[in-house]
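Since the structure comes first, as structure tokens, the remarks are kept for the end.
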Amino acid sequence: MKTRPTLLAAAIAALPLASFPLAALAADAGLDEVVVTAPRMSAPLTVVNDPKAPQQPVPASDGASFLKNIPGFTVIRKGGTDGDPVLRGLAGSRLNVLVDGAEFHGGCGMRMDPPTAYVFPESFDRVTVIKGPQTVRYGNGNLAGVVLFERQAPRFETTGARGHASLMAGSWGRLDGVADASFGSPRFYLRGTVTHSESDNYRDGDGSLVHSFYERRSQSIAGGWTPDENTRIELSAVRSEAQAAYADRSMDGSVFDREGYGLKLEKRALSALVRRVGLQYDHNYIDHVMDNYSLRAKPAAANYSWNNPDRKTDGLRIDGDLALGESTTVTLGLDRQENVHTVRQYNGPAPVAVGSRSRGRDFESTNTGLFAELTQVLGPASRLVGGLRHDRFSADRHNAATGMANGSTEERLNGGFLRYEHDLADRPVTAFVGLGHARRPVDHWEATTYNGLTAAGSVAPEKNTQLDAGLLWSGRDLAGSVSVFWSRIDDYLLTEVNPAAAGSCGSNPAKCRVHNVDATRHGLEADFAWRFAPAWTLRGSYALVRADNDTMDVPLAQTPADELRLGLSWRRDALEIGGVTRIVAGQDRVHLNHGSIVGQDLGPTGGFATLALNASYRFNRKVLLSGGIDNVFDRAYAEHISRAAAAVAGYDAPSIRVNEPGRFVWAKLTLTLD
């Protein structure tokens, strides 16, 4: 049996001093964190984070739990791993996730495997979040924003090697390991990465055992040819596999297999006009099996049941950066994505092999997009950034059992944004204001699981028009940001589940449905880091969202509660000690049994507060030891946006929601070789 830990905490810090072999390193650290607990906005609506640095809450095993630290994000818990990330109350296909430049989606009709489920964060070099419809470069439909898990190509001036490795152990049998090594010369490089993460079932703050164990592993390799400093050709391949127990449903994920390969071509400095051209092709195949007997005791009265969806995604992207003048740059590009989803399933009195049943295709789609994004320098302190995008989307849906057509869609989707940025004179402050518009078609889950297309064109694409504004400031002892947004979503795709209806979503049209409503949203995020004494730093963040379903005159479902994080850290030479408290308000603005593809409102929730502590010691530039305690007071609580808990034989009676883990203790050793 196994567990997972994800907690709650966030906001804390670090700062430098001097003396010890670490003095020079500390002197350059500024307001950077050693144990990252509160990533700050680094550019207008952009947060960049280092996934190789120790994190608190406990270092993440998947992409969603890594994002939970960033103001504006929450995660929908389903068990020990593979939660769904939510940004400003929007999730699913409203939040584009690209993994090393490739966009792909999971196979499960009930979101067991969002794309972040196939991410081990520490195997990447950088994680970038762009909030709101404020870019057009990264695919269609980014109403909430874009998340980029990125690897950087290693460059070698001489023949040599470099590497990164870590080992983390924690409560409930948690064990994570990663090894990332590169070897190369000025003409070539080879990079390989292996990861492993596992955990037993965790216990919540009441001591109740939660069905939540998991095991995940991955291997990737990339080889590149760099005949000169401006040219790169790279081939890559990745494979991952996992299994995970779920506390929110009657089945577990016994297979999560991903296979992928890709090709990247890049040429820089072709001419004074053409600064860069690039081409990227990616293929990803997801094979997923869920069943009610492999990872749990099957209920005696139930049949053996399994479901085996898969998804094949092929993506192509061609883009280039042009310098139209000393003050004008533009990125032009084309991207195309093709998806094919099939499924096979079984329900009977005796177990049968998954391969004994034939597959039926239930979904296929194609999206082709053209985009242009421009930066115009208006003066020494002002910039104008904008973009336009046009997509052609088509999808066909079928009954997987009979092969009969079950609706088709063809849409022309336009989007764009315009943002003005201004640096204040004689102050390290940037002000910005931006207006964006994005459109999103009905996705696979809305149309298939929630019976959104019982007839062609029964629901319209979403249309989000959003205004964002804010300030960023960055000084040696004080840095922070504040941003506000107002959003109008026409034809918001709202899901509804009828608990009284028999069966499940996807099998009974009376059970679940999706329909259009109009919605208005607004909110803010703020963060700061203040070094108020030579060895002390105070950090904090605050996030708030208000949302209304204007059509039905009720609150918009799945809106997160207000959240405040405050952290304090002390750092001298190689040692850092810190703590962070997370305070979450109650939420009574709910719309019962309504929501999105990731879940529906279960009712009001009360507020809660948690405390986390951490410490780190850097022996030298190569060796870092860190550790921490999350949920110090062993608080029993659940996030407002959470899945409903399910009864699992052999486990404690569940609460309404899937409770978060109780007290969790962890330690991590990180090695960096260069």
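The values are calculated or read from the model by the stated rules, or taken from the named source; none is laboratory data. Keep in mind that this is a model prediction, so the values were computed, not measured. Quick reminder, even Gly has a Cβ in these numbers, built from the backbone with ideal geometry, and neighbours come from all protein chains shown.
Values computed for the structure shown
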{"item": "In region 565-583, the residues that are surrounded by fewer than 23 Cβ atoms within 10 Å (Cβ to Cβ) and within 24 Å of the chain's Cα centre (by Cα)", "result": "Leu566, Thr581, Ile583"}
{"item": "Cβ-Cβ under 7 Å pairs, at least 6 apart or on other chains, region 346-366 side surrounded by 15 or more Cβ atoms within 10 Å (Cβ to Cβ), far side part of a helix (DSSP H, G or I) and modelled with pLDDT under 95", "result": "Asp362/Thr448; Phe363/His444; Phe363/Thr448"}
{"item": "Selection status of Phe183, free of Cβ contacts under 8 Å to residues at least 40 places away in the same chain, among the hydrophobic types (A, V, I, L, M, F, W, C) and part of a loop (DSSP other than H, G, I, E, B)", "result": "no"}
{"item": "Strands (runs of 3 or more DSSP E) contained in region 438-554 and holding at least 3 residues more than 29 Å from Ile583 (Cα to Cα)", "result": "462-474, 478-497, 512-533"}
{"item": "Filter result for Pro115 (touching a His at 6+ places or on another chain (Cβ under 7 Å) and either under 23 Å from Asp391 (Cβ atoms) or of a type outside the set (Gly, Ala, Ser) (or both))", "result": "yes"}
{"item": "Criterion (assigned to a loop (DSSP other than H, G, I, E, B), under 26 Å from Leu334 (Cα atoms) and at pLDDT 95 or above) met by exactly one of Thr135, Thr128", "result": "Thr135"}
{"item": "Answer residue from region 389-426, given it is of a type in the set (Asp, Glu) and under 18 Å from Gln376 (Cα atoms) and is surrounded by the most Cβ atoms within 10 Å (Cβ to Cβ) among those", "result": "Glu421"}
{"item": "Unmet criterion (only one of (1) in a strand (DSSP E or B); (2) more than 21 Å from the chain's Cα centre (by Cα); (3) farther than 30 Å from Tyr637 by Cβ) for Ala169", "result": "(3)"}
{"item": "In region 402-431, residue nearest to Asn307 (Cα to Cα) [restricted to those that are of a type in the set (A, V, I, L, M) and in a strand (DSSP E or B)]", "result": "Ala405"}
{"item": "Residue match in region 567-574 (condition: of a type in the set (Asp, Glu), within 30 Å of Ile489 (Cβ to Cβ) and in a loop (DSSP other than H, G, I, E, B))", "result": "no"}
{"item": "Test: residue in region 398-405 that is in contact with a Gly (Cβ under 9 Å, 6 or more places away or on another chain), within 28 Å of Leu265 (Cβ to Cβ) and not β-branched (Val, Ile, Thr)", "result": "no"}
{"item": "Flag if Thr195 is in contact with a Lys or Arg (Cβ under 7 Å, 6 or more places away or on another chain), without any contact (Cβ under 8 Å) to a residue 60 or more places away in the chain and among the β-branched types (Val, Ile, Thr)", "result": "no"}
{"item": "Boolean, Gly628 is farther than 28 Å from Val545 by Cα and either in contact (Cβ under 8 Å) with a residue 12 or more places away in the chain or not β-branched (Val, Ile, Thr) (or both)", "result": "yes"}
{"item": "Selected residue (only one of Pro59, Pro133, Pro115 is crowded, with 24+ Cβ neighbours inside 10 Å and over 28 Å from Val340 (Cα atoms))", "result": "Pro59"}
{"item": "Residue match in region 296-314 (condition: under 18 Å from Asp113 (Cα atoms) and out of contact with any strand residue (DSSP E or B) (no Cβ under 7 Å at 6 or more places or on another chain))", "result": "no"}
{"item": "Asp228 modelled with pLDDT of 95 or more and among the charged types (D, E, K, R)", "result": "no"}
{"item": "Listing of strands (runs of 3 or more DSSP E) fully contained in region 1-111 that carry 3 or more residues being modelled with pLDDT of 85 or more, among the aromatic types (Phe, Trp, Tyr) and over 29 Å from Arg311 (Cβ atoms)", "result": "none"}
{"item": "Answer from Ala153, Ala91, Ala43 - the residue that is in contact (Cβ under 8 Å) with a residue 40 or more places away in the chain and under 28 Å from Asp362 (Cβ atoms)", "result": "Ala91"}
